Structures are given as C-alpha cells and as structure tokens.
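Undergrad: Got a structure for you, written out below as structure tokens; questions coming shortly.
The values are calculated or read from the model by the stated rules, or taken from the named source; none is laboratory data. As the structure is a prediction and not an experimental result, all values here were calculated from the model. Cβ placement follows ideal geometry from the backbone for every residue including glycine, while neighbour counts extend to all protein chains displayed.
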There are 2 protein chains.
Amino acid sequence: MQNLLNRQVLLRSRPKGEPRISDFELVESPAPSPGEGEFLCRTIYLSLDPYMRGRMNDVKSYAQPAELGKPMVGGAVSEVIASSHPAFPTGSFVVGPTGWQAYALSRGAGMRKLDPKAAPLSTALGVLGMPGMTAYVGLLDIGQPKPGETVVVSAAAGAVGSVVGQLAKIRGCRAVGVAGAPAKCEFVVKELGFDACVNYRAEPLVPALQKACPTGIDVYFDNVGGDVLAAVLRLINPFARIPLCGLISQYNVTELPPGPNPFPLLVNRALIRGFIVSDHADRFADFHRDATQWLREGRLRYREDIVVGLENAPEAFLGLLRGRNFGKLVVRVGDDLTVKSC
Amino acid sequence: MQNLLNRQVLLRSRPKGEPRISDFELVESPAPSPGEGEFLCRTIYLSLDPYMRGRMNDVKSYAQPAELGKPMVGGAVSEVIASSHPAFPTGSFVVGPTGWQAYALSRGAGMRKLDPKAAPLSTALGVLGMPGMTAYVGLLDIGQPKPGETVVVSAAAGAVGSVVGQLAKIRGCRAVGVAGAPAKCEFVVKELGFDACVNYRAEPLVPALQKACPTGIDVYFDNVGGDVLAAVLRLINPFARIPLCGLISQYNVTELPPGPNPFPLLVNRALIRGFIVSDHADRFADFHRDATQWLREGRLRYREDIVVGLENAPEAFLGLLRGRNFGKLVVRVGDDLTVKSC
C-alpha cells in the first residue's frame with residue numbers, strides 16, 4: 001500500500017461562465033492508508049455529470065460547493081483494496097462519492113456495495129445509478145405519464161434522457177426526444193425505441209416539435225431549459241406536467257437570462273416542478289428492482305461514452321457541458337478486471 | 001313581464017391590448033318571457049373579474065371566448081321574477097352565469113340557489129363565491145401551507161387575494177400581501193390581519209419582500225405574474241409552492257414578454273402550478289361550509305367595491321385591469337330588496 005501513487009484532479013479556481021481546463025489541476029501524492037474503520041478505494045470508473053458545474057460555484061444551493069484545492073466532487077465505482085471496515089472488505093466493489101481521484105479513503109458514508117455479476121460495474125453510474133434513478137422519480141413520480149400521452153425529453157441521448165424516453169415507452173406513451181446531433185437522434189429512435197427525435201441545432205423547434213407531437217405534449221422532462229422549454233410551453237396540453245431536472249443551457253451563463261412567460265401554465269393548468277434526485281432516496285429500492293429487471297429483459301438499453309484516464313476528466317467535463325458526449329459520460333480511471341467475466 | 005325593458009352590455013369588438021369603452025355597447029330591448037322549463041332572472045349584482053379579459057380574445061383557452069354582438073359573459077346574483085321551472089320558483093335568489101344584462105333567461109345550467117338570510121347576496125360573487133373558492137383551492141390544495149410558513153399573495157386587497165391572506169392566518173402562517181396603494185396595504189394589515197404588505201408601486205420589490213419575509217417565502221399565491229413573480233422567485237425557500245391563479249400584469253399585452261428564469265425552481269425543488277377554479281368543483285361543498293363558518297366567526301372579512309348601474313360596468317372593468325378597484329368589484333344592476341333585512 002505504501003508505494004501507491006495517488007492522482008487527483010483538484011478544483012483550482014471557480015469559473016466565471018464556462019469552465020476552463022486551468023480551473024482544474026492534476027496532482028500526485030502518495031495514496032493514504034486506511035485507519036480504523038476506514039477502507040481504501042481504487043477508482044475504476046468516475047462519473048461526470050452536469051450537476052458538477054453547480055458545485056464549482058460558491059453559491060448557496062441544495063449542496064455544498066466543492067472546496068478549492070480539494071479533489072472535485074463526484075461519484076465513482078471502486079474496488080476496495082485495503083480495509084479495516086467489516087462491511088466493506090478487501091475485494092468489494094462499491095459506488096459512492098469518492099471524487100476525482102485514483103484512490104480514496106472512505107468510512108462508508110454514501111457507499112453502496114455492487115455485485116459485479118449482476119450488471120457491468122459502470123452501470124452503477126448510469127442506467128442503474130443516479131442518472132437512471134433521476135429519470136425514474138422525475139418521470140414516474142412527478143411526470144406521472146399515462147398510456148397514450150406524449151412525453152418529450154431534452155438531452156435525449158444523455159444518461160438521464162435516454163432512460164426517460166424508454167420508461168415512457170414502457171408506460172405506453174409516445175416518446176419524443178430532443179438532441180443536438182443527427183447521430184444522437186438516430187440512436188434514440190433506432191436503438192432505444194423513441195417514436196421521434198428533434199435535432200434542436202438543425203430545425204426550428206416549434207414546428208419540428210409540433211410535427212413530432214401531433215396531439216400536443218403532456219409531459220416534458222426538462223434537462224436543458226432555455227429555448228427548448230420555451231418551445232415546449234407553446235405546445236403543452238391541458239394538465240401537462242414538467243419535471244424540471246436540469247437547466248444545462250444556463251449552467252455557464254454569468255447572468256441568468258429571462259425565461260419563458262408562464263402564461264401557458266395558467267391556461268393549461270400545467271405544473272413545473274424542480275426536483276433533485278437525492279430528495280427521493282426512499283424510491284431507490286423500487287427503482288433498482290424495476291430497472292434491473294427491465295435491463296435484463298432488454299427493455300432498457302444504454303450507451304456509455306468512456307474516456308480513458310483521469311487526466312482527461314477536465315476536458316471531458318467541459319465537453320459534457322457543450323453536449324459533446326454521446327451517452328453516459330464515464331472516465332475509466334483504473335482497470336476494470338471484472339469486464340472479461342461479463 | 002311584457003313591458004320590462006332589458007339593458008345589455010354587448011361585446012362589440014375584440015381589443016388589441018388594453019380594452020376600450022368602445023369595445024362594449026349598451027343596448028336596450030324588451031326583456032324576454034320564460035318558456036317551458038325556463039325562468040326569468042332580474043340581475044341584482046353583476047360580478048366583474050379579471051378572467052373576463054381573456055374571454056374577450058378569440059383564442060383557444062380553457063373556456064370559449066365571449067361572442068361578438070352578445071352580452072358579455074359573467075356571473076351575477078339575480079332574483080327569479082317569473083318561472084316555469086319547478087326548482088327555481090318566482091322569488092328565488094340565484095347566482096349563475098347570466099352575463100352583463102338586467103334580465104336573463106335560464107334553464108338552470110350553472111345556477112345555484114341562495115339563502116338571502118344566510119349572508120348578504122353579494123357575497124355569492126366574492127368571499128362565498130368563485131373568488132373565495134379560488135383562494136381556498138389554490139392556497140389549501142395547491143399551496144398546502146403549513147403552520148409557521150410564510151405565504152405571499154399578490155393583488156392582496158382584491159377578491160381572491162384578501163381571502164388567501166386570511167386563510168393563511170387561519171392555517172397559522174405568516175401572511176404577506178403585495179398591493180398597489182398605501183390604503184390597500186393598510187387595509188389588509190389592519191382590517192384583515194395580514195402580517196405585512198408591500199406596496200409594489202412605492203418600493204423596490206426584492207428588498208421590501210425580503211424585509212417582510214425574514215425567513216423566506218414558502219408559498220406564493222400569484223395573481224399577477226410579471227415583476228412580482230420574478231422578485232418572489234429570488235426569495236423562495238426549498239420546496240416552495242406557487243399556485244398560479246392569474247397573471248393580470250399580462251392580460252393587456254399584445255405580445256407576451258419573457259418571464260423569470262426557472263433556475264430557482266430547480267435548486268429549491270419548487271413547483272409552479274396553474275389552476276382554474278372550475279376544475280375543482282368537487283371542493284365547493286367543503287369551501288362553502290368552511291367559509292360560511294369563518295365568516296360568521298369573524299375570521300374571514302371582506303370588502304366590496306360596488307359600482308352602481310350596468311352602464312358603468314365597462315369603465316369599472318377597465319379600472320379593474322389597472323388595479324383601481326379596492327375590494328371585490330361588483331356592479332349593482334338592480335335593487336337589492338334583501339339589504340334592509342340583513
């Protein structure tokens with residue numbers, strides 16, 4: 001253990017607007033050794049998610065900001081390689097908030113053990129993890145889609161959006177995606193079974209959505225805000241529901257621009273409700289049971305965009321904020337020795 | 001009956017922007033006689049309400065537009081003066097959608113009988129009628145205020161807002177109004193028991209609301225939209241609820257301006273939900289029972305702004321859209337012979 005070299009990506013400065021590579025710093029230091037009640041995690045997969053942009057700011061929010069000079073916050077899948085914690089013995093696989101680093105100590109807080117035989121380890125960061133759970137509670141609990149209704153989801157090829165559309169299909173709805181590239185639109189329709197997908201970079205949104213949603217929009221799962229939200233509001237049906245999951249179009253602005261006029265909410269008796277997945281932990285068991293089964297049955301599919309090497313995490317994260325990833329963005333930090341056995 | 005002269009205010013033209021007196025026309029004609037299953041109503045009080053502005057437009061909404069050349073739509077309290085309808089005999093008092101006219105025929109659709117001994121007849125258009133019911137379902141069912149929370153309501157001295165603040169007090173909340181005149185602010189605090197009231201015409205909204213709501217805003221009952229909604233969104237607490245009842249600041253615009261950025265909804269996991277009182281008819285019995293009792297106990301008070309004469313309805317309505325009324329705006333169209341006995 002003593003000779004392990006840790007690599008960490010620290011938050012060096014708080015960005016104004018779009019983050020830069022120089023806001024991060026890669027440093028090396030000896031990996032720590034676990035004390036009493038601790039265990040040492042070797043990071044295999046680091047999750048990169050849009051919410052991390054908010055943590056880079058020093059503002060009051062639902063979570064504490066990331067600390068300057070400390071490893072960036074983030075969820076990761078790890079192998080326990082040394083332990084004096086009885087619940088997490090050496091050889092366990094875990095998922096938890098270990099951050100942007102190759103090795104991390106834990107006392108178990110926020111940690112969950114994984115069965116590498118049940119599903120590929122990386123799925124614990126995507127379709128079977130936080131993004132999948134976000135889709136599940138946002139769509140099913142807040143969106144409450146009914147058979148025959150039309151569900152629209154933005155960032156449709158992303159970790160959350162791809163699950164939202166598939167859950168909509170499982171619930172008997174028409175699923176319409178909004179994405180930013182022809183390949184992404186093709187993927188969600190041909191591979192994931194969405195009924196249609198609008199490329200927001202290629203077509204004027206309102207007529208394209210109108211064509212894709214001939215009976216109007218009943219549920220809009222919003223990951224982006226901005227122009228897509230404004231366009232959707234022009235097409236919602238009475239009693240529409242809009243789970244507000246993310247506003248990625250606004251994450252890098254230095255001053256919030258105006259939003260859409262709320263008039264359509266009034267005449268349509270519609271609702272917008274912001275939510276954060278961590279408030280809904282009581283639904284995790286339901287989600288995990290359902291999603292695992294749907295995955296096995298082939299009704300839930302996923303795509304990962306895997307970047308190799310912790311040193312590439314900052315650039316991959318900047319790309320995520322610009323929509324450059326295609327599927328759940330994951331950084332492979334260390335070898336996944338379970339892959340061959342799957 | 002044959003010799004009764006009816007007076008009607010017709011919708012003459014659809015306004016672009018702010019309505020004008022010339023969009024209405026006062027006409028006279030013989031009052032009709034009730035046929036089989038019909039009864040003739042003599043209008044006593046006509047209700048003027050902000051929603052009527054929307055009915056003047058020829059656009060898809062939750063209700064049909066008012067027809068050109070027909071009496072303007074509206075609720076009124078009437079006396080039945082001739083009847084061949086067994087459920088509504090001559091001498092009954094009723095409230096229902098008889099429109100801007102001195103006499104109206106009805107077959108009973110949307111009509112409810114009133115007991116003139118239970119409460120002054122005009123209250124059926126305000127605190128015990130549609131506006132009171134709007135406050136009840138919007139605040140209690142959608143806003144779900146809990147004891148100790150802070151409830152803000154705009155148009156606080158109006159027919160709906162004045163009830164919202166009093167219900168908030170009944171539920172053990174801090175009640176803060178927003179109104180447009182010192183007398184209105186003084187009224188809701190001193191007469192209705194609100195804890196504070198902000199004059200949006202006199203003070204910058206955000207600091208004034210911040211001072212009036214030292215622990216933030218948990219429920220905002222929105223009657224106006226625009227700047228007040230934008231200011232409130234900067235001060236909402238986690239899990240805030242915003243029943244969206246009206247957007248009177250937007251009713252006369254020819255093109256909808258942008259609204260507030262939805263970012264605060266996301267980080268606070270807050271909800272905005274538009275509603276229309278007519279969707280909640282199943283709550284009327286509860287409302288009427290509760291409101292009648294609170295009225296008797298003096299826990300629910302009201303103020304009426306009574307304009308005399310049907311011919312003055314158009315000008316009074318234009319004033320309503322500008323916030324000139326002070327209390328529930330009612331037009332006395334005919335004599336109320338029950339007043340002396342109250």
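Undergrad: Is at least one residue of the range A:22-37 within 18 Å of the chain's Cα centre (by Cα) and not aromatic (Phe, Trp, Tyr)?
TA: No, because not a single residue in the range A:22-37 is within 18 Å of the chain's Cα centre (by Cα) and not aromatic (Phe, Trp, Tyr).
Undergrad: Go through the range B:82-188 and tell me which strands (runs of 3 or more DSSP E), entirely inside it, have 1 or more residues that are not assigned by TED's automatic domain parsing to the domain that holds B:GLU36.
TA: Filter on the range B:82-188 gives B:150-154, B:174-179.
Undergrad: Tell me, which residue of the range A:230-265 that is within 8 Å of another protein chain (Cβ to nearest Cβ), in a loop (DSSP other than H, G, I, E, B) and more than 26 Å from the chain's Cα centre (by Cα) is farthest from B:ILE276 (Cα to Cα)?
TA: The residue in question is A:ASN261.
Undergrad: So, one more: Can you spot a residue in the range B:160-171 that is within 14 Å of another protein chain (Cβ to nearest Cβ) and either buried (at least 24 other Cβ atoms within 10 Å of the Cβ) or not polar (S, T, N, Q) (or both)?
TA: Checked against the condition, which is being within 14 Å of another protein chain (Cβ to nearest Cβ) and either buried (at least 24 other Cβ atoms within 10 Å of the Cβ) or not polar (S, T, N, Q) (or both), the range B:160-171 yields at least one hit.
Undergrad: Quick one: in the range A:279-316, which of the residues that are assigned to a loop (DSSP other than H, G, I, E, B) and basic (Lys, Arg) is nearest to the chain's Cα centre (by Cα)?
TA: A:ARG303
Undergrad: Among the acidic types (Asp, Glu), loosely packed, with under 15 Cβ neighbours inside 10 Å and touching a residue at least 24 places away in the same chain (Cβ under 8 Å) - does that describe any residue in the range A:315-323?
TA: yes
Undergrad: Only one of these conditions is not met by B:ILE306: (1) over 30 Å from B:ARG42 (Cβ atoms); (2) more than 9 Å from every other protein chain (Cβ to nearest Cβ); (3) β-branched (Val, Ile, Thr). Which number is it?
TA: Of the numbered conditions (1) over 30 Å from B:ARG42 (Cβ atoms); (2) more than 9 Å from every other protein chain (Cβ to nearest Cβ); (3) β-branched (Val, Ile, Thr), the odd one out for B:ILE306 is (1).
Undergrad: I'm checking my understanding of the structure. Among residues of the range A:324-342 that are out of contact with any strand residue (DSSP E or B) (no Cβ under 8 Å at 6 or more places or on another chain) and among the charged types (D, E, K, R), which one is surrounded by the most Cβ atoms within 10 Å (Cβ to Cβ)?
TA: So, considering only residues that are out of contact with any strand residue (DSSP E or B) (no Cβ under 8 Å at 6 or more places or on another chain) and among the charged types (D, E, K, R), the one surrounded by the most Cβ atoms within 10 Å (Cβ to Cβ) is A:ARG324.
Undergrad: Further question on the same structure: Just one of A:VAL27, A:VAL73 is buried (at least 17 other Cβ atoms within 10 Å of the Cβ), β-branched (Val, Ile, Thr) and in the same structural domain as A:VAL95 (by TED's automatic domain parsing); which is it?
TA: Criteria check complete, one pass: A:VAL73.
Undergrad: Another question, if that's okay. Of all residues in the range B:16-59, count the ones that are in contact (Cβ under 8 Å) with a residue 60 or more places away in the chain, in contact with an Asp or Glu (Cβ under 8 Å, 6 or more places away or on another chain) and of a type outside the set (Val, Ile, Thr).
TA: Matching residues across the range B:16-59 total 4.
Undergrad: While we're on this one: Scan the range B:268-276 and give yes if some residue there is among the basic types (Lys, Arg), on the phi > 0 side of the Ramachandran plot and facing chain A (nearest Cβ under 10 Å), otherwise no.
TA: Yes: one or more hits.
Undergrad: On the basis of being surrounded by fewer than 23 Cβ atoms within 10 Å (Cβ to Cβ) and either closer than 18 Å to A:ARG301 by Cβ or under 20 Å from the mean Cα position of the chain (by Cα) (or both), does A:GLY110 make the cut?
TA: In short, yes.
Undergrad: Given the conditions (1) small (Gly, Ala, Ser); (2) in contact (Cβ under 8 Å) with a residue 60 or more places away in the chain; (3) within 26 Å of B:ASP222 (Cβ to Cβ), which single one is not true for B:ALA118?
TA: That leaves (3) as the condition not met.
Undergrad: Taking the range B:199-229, which residues are away from every other protein chain (no Cβ under 12 Å), part of a loop (DSSP other than H, G, I, E, B), without any contact (Cβ under 8 Å) to a residue 60 or more places away in the chain and not hydrophobic (A, V, I, L, M, F, W, C)?
TA: Within the range B:199-229, B:TYR200, B:ARG201, B:GLU203, B:PRO204, B:PRO214 meet the criteria.
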